[in-house]
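A.B. asks: The structure that follows is given in the form of structure tokens.
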Amino acid sequence: MAKAAKTSATKTIRGGVAQAIVHDSAARHVTGEATYIDDIPETVGMLHAALGLADFSHGRIAGLDLDAVRAAPGVVAVLTAADVPGHNDISPTGRRDEPVLAGELVQFHGQPVFAVIAETRDQARRAARLGKITRDELPFVVDVGRATKK
């Protein structure tokens, strides 16, 4: 096997299995000096997002009723799979098997189906609960033994 040429982008791997390596922000975490997302002030006009999640495990989406979501206080936009530009996929493998938002098929309970953009986090969360997803349920598997059978 040929060795890879070292470039400025190549990093040397340090440590190994069962060897402690100090994380670059460890000191800030243990001293209370680390900045967390809730420590950062919100900018003026910042919007918040919340997801509308499937309440079933497997099925075809027959319809989305998002009228109440759009009419909810503070809602600026509601996004569905049709609004995702390019490929509706966030899979790390590039197989296009993990959509950002479910379009036609829900594959697991809690899968994101739509996103609500609102003026506050509370408004986004409350509005997301108002969406109604009609579906044609499909069989689902909940144990490894059945899932691995062909």
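A.B. asks: Taking the residues in the stretch 21-58 that are outside any loop (DSSP other than H, G, I, E, B) and surrounded by fewer than 10 Cβ atoms within 10 Å (Cβ to Cβ) as candidates, determine which candidate is nearest to the chain's Cα centre (by Cα). Quick ask: steps written out before the conclusion?
C.D. replies: The initial filter retains those residues of the stretch 21-58 that are outside any loop (DSSP other than H, G, I, E, B), namely 26-31, 37-39, 48-53.
Retained after the next criterion (residues that are surrounded by fewer than 10 Cβ atoms within 10 Å (Cβ to Cβ)): 30-31, 37-39.
On the way: 30: 29, 31: 31, 37: 17, 38: 19, 39: 22 Å.
The extreme case among them is 37.
A.B. asks: Continuing with the same structure: Somewhere in the stretch 68-90, is a residue over 22 Å from residue 130 (Cβ atoms) and touching an Asp or Glu at 6+ places or on another chain (Cβ under 8 Å)? Talk me through it step by step, then tell me what you get.
C.D. replies: Filtering the stretch 68-90 down to residues over 22 Å from residue 130 (Cβ atoms) leaves 85-90.
Checking which are touching an Asp or Glu at 6+ places or on another chain (Cβ under 8 Å) leaves us with 89-90.
Within the stretch 68-90, one or more residues are over 22 Å from residue 130 (Cβ atoms) and touching an Asp or Glu at 6+ places or on another chain (Cβ under 8 Å).
A.B. asks: If the Cβ limit is 8 Å and pairs must be 6+ apart or interchain, which residue in the stretch 40-66 that is β-branched (Val, Ile, Thr) pairs with which residue that is in a loop (DSSP other than H, G, I, E, B)?
C.D. replies: Here the result reads 61/102; 61/103; 61/104, each pair linking the stretch 40-66 to a residue that is in a loop (DSSP other than H, G, I, E, B).
A.B. asks: Pairs please, first residue from the stretch 75-88 and surrounded by 16 or more Cβ atoms within 10 Å (Cβ to Cβ), second anywhere and aromatic (Phe, Trp, Tyr), Cβ atoms under 8 Å, 6+ apart in sequence or on different chains.
C.D. replies: What qualifies is 78/114; 79/114; 80/114.
A.B. asks: What's the number of the only condition in (1) at positive phi; (2) at pLDDT 95 or above that residue 96 fails to meet?
C.D. replies: (2)
A.B. asks: Further question on the same structure: Considering only residues that are among the hydrophobic types (A, V, I, L, M, F, W, C) and under 14 Å from the mean Cα position of the chain (by Cα), look in the stretch 75-97 and name the one that is nearest to residue 63 (Cα to Cα).
C.D. replies: Let us first name the residues in the stretch 75-97 that are among the hydrophobic types (A, V, I, L, M, F, W, C), namely 75-79, 81-82, 84, 90.
When the remaining residues are screened for being under 14 Å from the mean Cα position of the chain (by Cα), the result is 79, 81, 84, 90.
On the way: 79: 14, 81: 13, 84: 18, 90: 23 Å.
Only one residue tops the list, namely 81.
A.B. asks: Shifting gears a bit: Name the one entry in 100, 69, 116 that is surrounded by 14 or more Cβ atoms within 10 Å (Cβ to Cβ), in contact (Cβ under 8 Å) with a residue 40 or more places away in the chain and under 19 Å from the mean Cα position of the chain (by Cα).
C.D. replies: Values: 100 fails: in contact (Cβ under 8 Å) with a residue 40 or more places away in the chain; 69 fails: under 19 Å from the mean Cα position of the chain (by Cα).
After applying the criteria, what remains is 116.
A.B. asks: Looking at 106, 69, which is the one that is touching a His at 6+ places or on another chain (Cβ under 7 Å), hydrophobic (A, V, I, L, M, F, W, C) and modelled with pLDDT of 95 or more?
C.D. replies: Numbers: 69 fails: touching a His at 6+ places or on another chain (Cβ under 7 Å).
One residue alone meets the criteria, 106.
The values are calculated or read from the model by the stated rules, or taken from the named source; none is laboratory data. The structure displayed is predicted, hence computed values, not measured ones. Cβ coordinates were reconstructed from backbone atoms using ideal geometry, including for glycine residues, and neighbour counts include every protein chain displayed.
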